[in-house]
Amino acid sequence: MTELCTLDLLYFDGVENEEGEIRAIFIPNSCHVCKTMRHDSESGSEIKLLSCSGCRMIAYCGLAHQKEHWAQHKDLCKVVQQVLRKEGRPSLFNGVEKLNLSPESWKAFRYNLMVRVEKALTRSMQPYEQEMFLYPRVCNQCRMDDGTKLNECPDCHSFFYCCDQHLSITHQEWCKDLKLLLDLNIEQSKKGRIDCMLPHQLLETFEEFPASLKEFLVLRMVGAMGAFAMGRNSLTLLTEFASYPLTVLWGLQEAAKLTDGIPHLGDRKSLVVHIVGAELPFECNNLAKWDVFFLNTLPALKSLYVTFTGPELTGVPAGTWDDDLRCPHCERNNKHFVCDFQPNTFYHDFVKSKNYIRPDVVVAFNCGLYRQTGFQGSDSWAKTIPCLLKEGVPLILTAYTAAEAPLDLKRLQEASRDPLEILMPPQKNPYRSSRPCRNFVSEEESPIIFKNQYITVVRKQSIK
Ligand SMILES: [Zn+2]
Ligand SMILES: [Zn+2]
Ligand SMILES: [Zn+2]
Ligand SMILES: [Zn+2]
C-alpha cells in the first residue's frame, strides 16, 4: 500500500495555477464546464446532470459540455474504465460501504486509487482530477456512491448522505464554511479571479487591535459601506491577505501585555520582521499587504523591514526589492518599507549570512514544525529551531488545526537548547483568514481549515 503522502495533499489549497489564473475546480454536483449546479439554491430549480458513463466520476449539464471537455478528460476516463473492467465494478467507489472503512483507511483507499490511476496515466494529474478522487460524491457516513439514492444538504450543496441516519449532526459545524467555499469556487470558475483591493485607509491614532480581524477590517479599514460594496467573496479574500500581517501585529500586541521587555505596539518606530519558511503564493502574494497593514495602521511606525526566507521560496531574485512598494500615504509621510528576499535559503543558513539583521519578531506561518518530513521528505526544522529563538524576541507560529498547534510547540520545546517562555499558548487566532480550504489528511478532525487558524507565541526565557 502506498503511504499517505502527508505534505502535498495535506492542505489542498490554491485555486490559482502558476500563471495566477483560476484553475479548473472539481465540484461534484455541478457541470464541470459551466458549473451549473444540480440544485439551484436561488431559483429552487433542479437540472438533471449527466454523469460520464465511462468513469462515473464527473458530470455535465448536457452533451454539449461533455463533448467540450472530452479531449481533456479522455485519457483519465479510459484509465478508470480499465480499472473498472479489471475489477468488474460499475464505479470506483461501488461497494465501499460494505468495507466498513475507518477514517484512516477511507483516506488511504481514495489516495491509493488516485495513485494507481495516475501511474497508468502518462502524465501527472491536474489538481481538479485529484479532487475527483479525494472528494467524490459519496455518502459522508457509509461512503455509498449510488447517485440516485444520495441526498445533498440543501444549504451548502457540498455534503451528501444516503439516508436520514447518515445525516451527521456535526455537519452543522461546517455547513456555512462549505457553502462559502462553494460560492467562492463557483464565482471564480465562472468569472475568473475575484478582485480584491487592499484598503488605502491611513490610521492617524493608535488604537488597540480589536478581538477579531473582520471587526478591524470593517470598522477601521474599509468601513461598513466599503465592505458592503466589496461583497462577501471579495471581503473573504481580503481577510486572507490581511491575516498574515495582522496576525503578527495582534501577536505582538498581546505578547507585550503579558510580559516585560516587549515594546508596546503603538510605540514602535521601526520593525524588523523575519518570515521563515515563506512561499511565494502565501506570504509574498501581494507585498503591498505588508505596507498597508503595518505602516498604515501603526501611526508611530516609520520603518518596516521584512525578510522572507525559505527553501520553498522560489521565483524571486535574492536581495532587497528595488521597486518602491509604498503606498502614497507612506511616501508622503516619509515611511520606509524594505522587502528582503532570501529564496532557496534555510533560515539557519540565513542567520549566518551577511544579510542578517537582528529581528524584532520571527514568524513561521502554517509551519508544521512537528512534521519530520516537511521539506522534500527530510527534516529541516531541527537545525532551524534554535535559530528561531536565538535573539530572544517573540516567535509567532501559526497552525491549521487544533491538533497541530500543540505538536508544533512540543517540537519547539524539544529542539530548543534553551527553556522557553510561553507568551501565548496555542489558541484560536482571531486574525485567521476566513477563506475556507479543504483538508484531506485530517478531514475527520476538520474537513475545512483556514490559514493561520491557531496561534502560539513564545520566546527564549531571558536569564534573570
Ligand atoms: Zn454545463
Ligand atoms: Zn469519464
Ligand atoms: Zn450512507
Ligand atoms: Zn450543509
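The values are calculated or read from the model by the stated rules, or taken from the named source; none is laboratory data. None of these values were measured; they are calculated from a predicted model. As a convention, Cβ positions derive from the backbone with ideal geometry for all residues, glycine included, and neighbour counts pool all protein chains shown. Quick note on the areas: whole protein, heavy atoms, side chains included, nothing else; ligands and nucleic acids left out. Shrake-Rupley method; radii C 1.70, N 1.55, O 1.52, S 1.80 Å.
Miscellaneous remarks
- Being in a helix (DSSP H, G or I), acidic (Asp, Glu) and under 25 Å from HIS39 (Cβ atoms) is a property that does not hold for GLU104.
- Yes/no for PHE109 being within 16 Å of ligand 3 (Cβ to nearest atom) and either outside the structural domain of GLN141 (by TED's automatic domain parsing) or touching a residue at least 24 places away in the same chain (Cβ under 8 Å) (or both): no
- Hits in the stretch 203-216 - residues which are part of a loop (DSSP other than H, G, I, E, B) and buried (at least 18 other Cβ atoms within 10 Å of the Cβ): PHE209
- Test result for LEU99, within 16 Å of ligand 3 (Cβ to nearest atom), open to solvent by 70 Å² or more (accessible area, probe 1.4 Å) and of a type in the set (A, V, I, L, M, F, W, C): yes
- Looking across the stretch 427-445, the residues that are buried (at least 18 other Cβ atoms within 10 Å of the Cβ) and assigned to a loop (DSSP other than H, G, I, E, B) come down to ASN429, PRO430, TYR431, ARG432, SER433, SER434, ARG435, PRO436, ASN439, PHE440, VAL441, SER442.
- Residues (within 14 Å of ligand 2 (Cβ to nearest atom) and in contact with a strand residue (DSSP E or B) (Cβ under 6 Å, 6 or more places away or on another chain)) located in the stretch 33-71: LEU49, LEU50, SER51, ALA59, TYR60, GLN66
- Flag for THR239 being in a helix (DSSP H, G or I), polar (S, T, N, Q) and in contact (Cβ under 8 Å) with a residue 60 or more places away in the chain: yes
- Residues (touching a helix residue (DSSP H, G or I) at 6+ places or on another chain (Cβ under 8 Å), open to solvent by less than 60 Å² (accessible area, probe 1.4 Å) and at pLDDT below 70) located in the stretch 1-15: LEU4, CYS5, LEU9, PHE12
Here's the yes/no breakdown for (1) on the phi < 0 side of the Ramachandran plot; (2) modelled with pLDDT of 90 or more; (3) surrounded by fewer than 12 Cβ atoms within 10 Å (Cβ to Cβ); (4) of a type in the set (A, V, I, L, M, F, W, C):
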| position | (1), (2), (3), (4) |
| --- | --- |
| ASN17 | yes, no, no, no |
| GLU21 | yes, no, yes, no |
| PHE26 | yes, yes, no, yes |
| CYS31 | yes, yes, no, yes |
| THR36 | yes, yes, no, no |
| HIS39 | yes, no, no, no |
| GLU46 | yes, no, yes, no |
| SER53 | yes, yes, yes, no |
| MET57 | yes, yes, no, yes |
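- Considering residues of the stretch 151-200 that are in a strand (DSSP E or B) and either touching a Phe, Trp or Tyr at 6+ places or on another chain (Cβ under 9 Å) or open to solvent by 30 Å² or more (accessible area, probe 1.4 Å) (or both) only, the residue nearest to THR236 (Cα to Cα): GLU152
- Test: residue in the stretch 110-119 that is surrounded by 18 or more Cβ atoms within 10 Å (Cβ to Cβ), over 19 Å from the mean Cα position of the chain (by Cα), over 30 Å from SER234 (Cβ atoms) and within 16 Å of ligand 4 (Cβ to nearest atom): no
- Tally, over the stretch 61-81, of residues that are away from ligand 1 (no atom under 16 Å from the Cβ) and surrounded by 12 or more Cβ atoms within 10 Å (Cβ to Cβ): 7
- Pairs are defined by a Cβ separation below 9 Å, a sequence spacing of at least 6 or placement on different chains, a first member in the stretch 175-193 that is in contact (Cβ under 8 Å) with a residue 24 or more places away in the chain, and a second member that is in a helix (DSSP H, G or I) and aliphatic (A, V, I, L, M); the pairs so defined are LEU184/LEU237.
- Within the stretch 58-109, the residues that satisfy the criterion of being among the polar types (S, T, N, Q) and within 29 Å of the chain's Cα centre (by Cα) are GLN72, SER102, SER105.
- Of ALA256, ALA229, all but one fail to be open to solvent by 60 Å² or more (accessible area, probe 1.4 Å), of a type in the set (A, V, I, L, M) and without any contact (Cβ under 8 Å) to a residue 40 or more places away in the chain; the exception is ALA229.
- Condition check for GLY88: more than 27 Å from CYS153 (Cβ to Cβ) and in the same structural domain as CYS142 (by TED's automatic domain parsing): yes
- In the stretch 365-378, the condition of being buried (at least 19 other Cβ atoms within 10 Å of the Cβ), at pLDDT below 95 and aliphatic (A, V, I, L, M) is met by at least one residue.
- Where CYS387 falls short, out of the listed (1) outside any helix (DSSP H, G or I); (2) among the hydrophobic types (A, V, I, L, M, F, W, C); (3) open to solvent by 10 Å² or more (accessible area, probe 1.4 Å): (1)
- HIS329 meets each of the listed conditions (1) crowded, with 17+ Cβ neighbours inside 10 Å; (2) not in a loop (DSSP other than H, G, I, E, B) apart from (1).
- Among the residues of this structure, LEU219 does not count as one that is closer than 21 Å to ARG326 by Cβ and not in a loop (DSSP other than H, G, I, E, B).
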